[in-house]
1. Please report the orientation-averaged projected area of the stretch 142-233, defined via the convex hull of its C-alpha atoms, in nm².
2. Within the chain, what whole-number % of the accessible surface is contributed by carbon and sulfur, with the 1.4 Å probe and all protein chains included in the calculation?
3. Net charge near Asn232, counting Lys/Arg +1 and Asp/Glu -1 over other residues with Cβ under 15 Å of its Cβ?
4. How big is the charge dipole of the chain about its Cα centre, in debye rounded to the nearest 20, if each Lys and Arg gets +1 on its Cβ and each Asp and Glu gets -1 on its Cβ?
5. Heavy atoms only, 1.4 Å probe, whole protein assembly: order Thr147, Thr44, Thr153 by accessible area, highest first.
6. Express in Å², to the nearest 10, the accessible area of Ile9 obtained by rolling a 1.4 Å probe over the protein heavy atoms while all chains stay in place.
7. If each residue of separation counts as 0.36 nm, what is the full-extension length gain between Glu119 and Lys139 once their alpha-carbon separation is subtracted?
8. Run the dipole for the stretch 126-210 about the Cα centre, Lys and Arg Cβ at +1, Asp and Glu Cβ at -1, nothing else charged, and hand back the magnitude in debye, nearest 20.
Amino acid sequence: MAIFYQPNIRQGEHFLDSEESRHCARVLRKRPGDTIQIVDGLGTLFTAVIRDANPKKCTFDITDEHPQPRLDYSIHLLIAPTKNSDRMEWMVEKLTEIGIDAIQFVQCTHSERTVLKLERLQRKAISAMKQSERAFLPKLLPMVPLTSWKPMTTDNAQKYIAHLGEEPPADLFTASQAQGEYYVLVGPEGDFSQQEIDWAMDQGFQPVRLGHFRLRTETAGLSACHTLHLVNV
């Protein structure tokens, strides 16, 4: 069954936006009385019945709710976007499928990209959320200079930085503890500057490695997220 997205469903917006309505009424040819599923991105999957299959504003009535429980851990990725936007779109899509709470884009000294448009990345995340039948949409946060990022973490947060240091640090799987609030920092392909590494250490980030070989930025972000899920299996 196709899944649609309406983030304001609990605020009484029992209709699909124009794009979702067109897909529902014209592409899938849904009709009044047909059952559909709707996700709000905040943790609930709704079952609904179409009231009016208008391709511009498809309205519905909710018949049931299926809340998805939150995991007992959270994953936050801080990452420098690549020059190639397609690689960031792929990463956001896959991270959403695997499961991530937030992606904070950061600008570093060696960053290849200084401007980032979130609209397309947001659409990729929404599509991946629906495709994977998830009820939580990750937060995609606008890019900020790394050293001006203000950590809103708890005292028990586990913070890690993956960088190409001379001494191989502990791997992320071994260093992390289950049921944590995780923040993982991944830099650009030119790696972090020494000033940024020093800043991260001052903020309590622990150096880790993500394997035996050098990874591309988007691969490193995906690897870190998957590793932390495995820690909590």
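The values are calculated or read from the model by the stated rules, or taken from the named source; none is laboratory data. These figures come from a predicted structure and were not determined experimentally. Counting neighbours? That spans all protein chains shown, and the Cβs are built from the backbone with ideal geometry, glycine included. Each accessible area value is taken on the protein alone, full model and side chains, heavy atoms only, with ligands, DNA and RNA left out. Shrake-Rupley method; radii C 1.70, N 1.55, O 1.52, S 1.80 Å.
1. 6.2
2. 48
3. Details: positive: Arg70; negative: Asp72, Asp101, Glu181.
Value of the local net charge: -2.
4. Numbers: 26 positive and 30 negative charges, 205 e Å.
Rounded to the nearest 20 debye, it is 980 debye.
5. Thr147, Thr153, Thr44
6. In the full protein context, Ile9 sits at about 10 Å².
7. Details: separation 20, 0.36 × 20 = 7.20 nm, distance 1.23 nm.
Computed gain between Glu119 and Lys139 is 6.0 nm.
8. Numbers: 6 positive and 11 negative charges, 112 e Å.
Dipole about the Cα centre, nearest 20: 540 debye.
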